[in-house]
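Colleague: Structure incoming, see below.
Laboratory data are not the source of any read-out in this text; all were calculated from the coordinates shown. A quick note: this is a predicted structure, and the numbers were derived from the prediction, not measured. Every residue, glycine among them, receives a Cβ derived from its backbone with ideal geometry; neighbour counts consider all protein chains shown.
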Amino acid sequence: MISEPTGSAGHGMPQPAVLRASLLHCDDCQRPARFLNPTRAAELAAVSRSTIYYWMRRGWVHWRVLPSRRRVICLESLSHANSLLPVEAGEDTRKAG
């Protein structure tokens, strides 16, 4: 699950972090979606940028190239790709039955 970190507004109370994402049409989702740069996507998914690029090469996340030649990742697909991460060491992955 992807969680957004909280920031501090300097008033002693944690404030939600601002999610800077562009609303673009995702051809794979077939609807408008929020897109993030690879660095921000890695932060949200709690993985390295190289993992994000690996997911992109495998087609596990939806992404597109902007006219500026920068790549951006669909936030919705990032949620699904994050579920592909291996389970924690020591967890039993065998199915019962």
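Colleague: In nm, give the distance between the simple-model label positions of residue 24 and residue 76, each being 7 Å from the Cα along the Cα-to-Cβ direction.
Modeller: Each label point is offset 7 Å from its Cα along the Cβ direction, giving 1.5 nm.
Colleague: Can you list residues from other chains, or at least 5 along the same chain, whose modelled amide H is less than 5 Å from the amide H of residue 26?
Modeller: Here 31, 33 satisfy the definition.
Colleague: Sticking with this structure for a sec: Convex hull volume of the Cα atoms in region 20-82, per residue, in Å³?
Modeller: Measuring per residue, one finds 75 Å³ for the Cα hull of region 20-82.
Colleague: Something else about it: Quick one: length gained pulling residue 65 to residue 50 fully straight, 0.36 nm per residue minus the C-alpha distance?
Modeller: Values: separation 15, 0.36 × 15 = 5.40 nm, distance 1.73 nm.
Extra length available between residue 65 and residue 50 comes to 3.7 nm.
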